[in-house]
Amino acid sequence: MRQFLVRRIISVFVTLFVIISLTFLLMYAIPGDPFTSENRIPEQVVENLKEHYGLNDPMLIQYIKYLKGALLFDFGPSIKWDNQTVNELIASGFPVSAMIGLQAILIATFFGILLGIFAAIRHNSAIDYFSMIIAILGLSVPSFIFATVLINFFAIKLQWFPVATWGTWKHSVLPSVALAVTPMAYIARLTRSSILEVLSMDYIQTAMAKGVTGVRFVFRHVLRNAMIPVVTILGPITATVLTGSFVIEQIFGVPGLGKYFVEGITDRDYPLILGTTVFYSAILVFFIILVDIAYVLIDPRIKLMKGRR
Amino acid sequence: MIKLRSRIVFLTFFFVITLLISACSNNSQVNNQTDNENKDAKTDSTKEQVITVNALSEPPSLEPALIDNQVAGDISNQLFEGLVRLDKEGKIVPGVAERWKTSDDGTIYTFYLNKDAKWSNGDPVTAQDFVYSWEKVLRPEVASPLGSNLFFIKNGAAYNEGSLKDPAELGVKAVDEYTLEVTLEKPTSFFLGLTAFFTLLPINEEVDKANSKWASEADTFVSNGPFTIESWKHGQELVMVPNENYWGKDVVKLDKLKWVMVNEQNTEYAMYQSNELDFSTNLPNSIRNKLISSGEANTAPSASLAYLRFNHKNDVFANEKIRQALGLALDRNLLVEKVTQGGEILALGLIPIGLSSGAGEFRDLAGESLFKDNDVETAKQKLQEGLDELGLSSLPKINLLFYTDDTYNKLSQAMQEMWKKNLGIEVELQTMERKVFVQNIQAGDYQLAIYSTGADYDDASNLMGQFMTGDVYNYSNISIPEYDQLMKKAEAELNLEERAQYLVDAEKVLIDQMAISPLYYRTKVYLQKDNIEGIFQYTIQAIDFREAYVK
């Protein structure tokens, strides 16, 4: 286990280094810079601005500065948001995104697995069809449409929840639900197919032939074996959902992290692009390791060291 | 045990389904109840003077020197006050300066400051504060994005460039604590109005020197305008309260002015409908026209023009008649009524409605239209003449460039159709991400493009310089000697009426040759609750809540 973690952490740093370098290259490959604008800005003002943000330095120096920033997790001031540093932006946006994301993941996992179980166990019945219609709707209807429907129904008609903005727990309900729909549908379909596969296994057939049934049977024998694919996708899904959704956050006026991923690029806000990318990659890698560890807990047959298998 | 668990699972599931069903069936009933509750709540809230508006997004900075966008500009206009301000009709009235005088040659302004003008921390607003603030805007390392608004001040440009180091040589001096003397490079008729613009708003010298990040948080923010910041949750909400130290605090009726930050048109409209917003300027494109024609939404001019940019370096568009043909063959009326549908007004001239000539409104002097809209016959004729001059039998395929945008997508397709139908010209559409597009235009790497231009200060000349030969913003490579001469005459002219006439003549020359082809003037379309009064909107200085109140 310890050896696994050490190896894993080394590979994390290599991965991050590659991501950071690629981001740097891609970032500067996009035409335009933070100060390209239709407004008539005098050349000398643009010069002053570039000097101020160190964009006139040679590429190599900028790269070294950039690596240093990433290593120390200090990304410096944002170019667009002069008020705040990138660290401050992440520090203020992430908790909000993470709260919505966590609620969404809980909703998605709970209802997704539940729907999947019912659909698989009552295979080809009305419940199955009902669950899968929900799942297909969830996958095919874009989240912004779902969000708009939620606003119109629960905020404007019923007035149970505020339309948008942030503050109380009430503000977090609709965005969480809207964000949960797609992963929920995904988890439901995966759970269903995975359970169906497990149900056809010899040991399950044997167990069933011996008359084992009920909730204990489903959870102990079927679900535990069927969970591996679900847990696998849960890692990346959680990382994505926790770091915020641009669309959902924009629609609900939520001050989360999501918008910085997109606006950082449209504004060519280099420090912000770096910060969000490194942050997201770190979280993603963390969850992937977590998933690896979860495998062992779920299925004792899996060993973390490939060589010893 | 097993049975109990399975029951719990089933019960939970059942419970959720019932909830969903009951939510649907009780719909109308619940709706009525909440409607009533809402009305009660509303009558209560009318007693408290609170207005909620949408700032769209977090202002990148609220320090006047660093502001580069309208959102932050609108917010700072409520917090700070310049030497002058604008009244209901947009006329210049005293702000921090209670009176002023101009030297005979129009280059020296002397402002006498109101001794009651105070900062929110109680300090008096002094002439030195203005000297310090303006010097800061022009300091090269501050890198003020709109610093060029102060280039009219003597040595302003040189100091910003770094070629002149001594701030004492700037044309702005504190004669005494309450007298400010400003020397300009040359007579500038719109300078007085410009002192109300957000780049020229003052900051408190002592506060700025003690803490360079004072403008980032509510508790360190010091301003001199009608309002101060009570709380500021970044990216979420900014709440203003009246400034107790403001000299004109008696006219301020609001208890609170709340700015939320929601950057989505449909959500903004939903919030307006559910009374979470009192004023909305960012309506969904799809329903703008409907709201305007039903009288629910109002429009105000916004001093911005969308136009076709021809690249005059291109062989085809160097020809005046080809440009005229393309410009005349468009049915702008149809474009704004049926295509863009956002309350735009068809443009048959360069200068937008509402912009000043220095001697009255420009469009009143120049007339509304400089050519006939949808003049297909003349267009055909011009095209033929142009082709003959170029020695071509037909026009090669033209590329129309624009940045990805819903309105421009629709607009470009409609124009493509009009050119094909009216002139038989094939136009190919090309769209790009915004900054990539701007870079292409600046590099002159295009044939024909949809572009827009807006005024920074209330004077027509602001939009006209960019079409002079050799101007750095002349990305169209336009070169019309007659136009240049008229513009230079206007620049040197001290008599405002005569100057205005030169500008009018210059516009006519530019548009007669169709150096650019105007498409439409943008307008501001807004919704305002019936019980809100006293919000002033201007063509340039966008909005003022000083005297706003809830009825």
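A short reminder: the numbers here are calculations on the coordinates, not readings from a lab. As the structure is a computational prediction, the values presented were derived from the model and not from experiment. Glycine also receives a Cβ, built like all others from the backbone with ideal geometry; neighbour counts cover every protein chain displayed.
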### Query
Considering amide H positions built from the backbone, and no H for Pro or chain starts, which residues 5 or more places from B:Ile532, or on another chain, come under 5 Å of its amide H?
B:Lys551
### Task
Multiply the residue separation of A:Lys50 and A:Arg220 by 0.36 nm, subtract the distance between their alpha-carbon atoms, and state the gained length in nm to one decimal.
55.0 nm
### Message
Would you work out the Kirkwood radius for the protein assembly as shown? I mean one over the mean of 1/r across all pairs of different Cα atoms, in Å.
### Response
30.8 Å
### Task
For chain A, find the longest principal axis of its Cα atoms and tell me its angle to the long axis of helix A:59-72, 0 to 90°, nearest 10.
50 degrees
### Task
Give the Cα extents of the stretch B:371-504 along the principal axes, in whole Å, largest first.
48, 36, 25
### Task
Find the percent of Cα-Cα distances in chain B that exceed 47 Å, and round it to a whole number.
22 percent
### Query
If a helix is a whole DSSP H run, which ones in chain B reach 20 Å or further along their own axis (Cα) and hold a mean Kyte-Doolittle hydropathy of at least 0.0?
B:2-25
### Query
How far apart, in nm, are the 7 Å Cα→Cβ label points at A:Leu72 and A:Ala207?
5.5 nm
### Message
Suppose we take every Cα in the stretch A:92-268 and form the convex hull; what volume per residue is that in Å³?
### Response
129 Å³
### Message
So the label point goes 7 Å from the Cα of B:Ile92 along Cα→C-beta, right? Which residues of the stretch B:157-178 then have their backbone N under 18 Å from it?
### Response
B:171-173
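So what is the 222 nm mean residue ellipticity for the protein assembly as shown from helices alone, if each DSSP H run of at least 4 adds -39500 (n - 2.57) and you divide by all residues, rounding to the nearest 500 deg cm²/dmol?
About -15000 deg cm²/dmol.
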#### Entry: Within the stretch A:92-268: Cβ-based charge dipole about Cα centre, in debye rounded to nearest 20 (Lys, Arg +1; Asp, Glu -1)
400 debye
### Query
What FRET efficiency would be calculated for the residue pair A:Leu26, B:Glu377, taking the C-beta separation as r and a Förster radius of 56 Å, to the nearest 0.05?
0.60
## Note on the structure
Projected onto the charge dipole of the stretch B:449-551 (unit charges on the beta-carbon of Lys, Arg, Asp and Glu, signs +1, +1, -1, -1), the Cα from B:Met468, B:Val550, B:Ala490 with the largest positive-side position is that of B:Val550
### Query
Among the lysines, which have Cα under 17 Å from the Cα of A:Lys80 when same-chain residues fewer than 8 positions away are ignored?
A:Lys50, A:Lys259, B:Lys213, B:Lys435
#### Entry: Per-pair calculated FRET efficiency, R0 = 56 Å: A:Ile133 and B:Asp166 via Cβ, rounded to 0.05
0.15
### Query
If you count the DSSP beta bridges with both ends in the protein assembly as shown, what percent of them are antiparallel, to the nearest 5?
80 percent
### Summary
The farthest towards the positive end of the charge dipole of chain B, of the residues B:Val131, B:Ala215, B:Tyr526, given +1 on Cβ of Lys and Arg and -1 on Cβ of Asp and Glu, is B:Tyr526
### Task
May I ask you to derive the FRET efficiency for B:Glu497 and B:Lys115 from their Cβ-Cβ distance with R0 = 45 Å, giving the value to the nearest 0.05?
0.80
### Message
For a quick check of your reading of the filter: which GluC sites (Glu not before Pro) in the stretch B:179-231 sit in a DSSP loop and have no more than 14 other Cβ atoms within 10 Å?
### Response
B:Glu217
### Message
Taking 29 Å as the cut-off for C-alpha to C-alpha distance, list the pairs among B:Lys256/B:Lys338; B:Lys380/B:Lys508; B:Lys249/B:Lys529 that go past it.
### Response
B:Lys256/B:Lys338
### Task
Could you work out the Rg to Rh ratio of the stretch B:487-551, with Rh taken as the Kirkwood radius (inverse of the mean 1/r over all Cα pairs)?
1.21
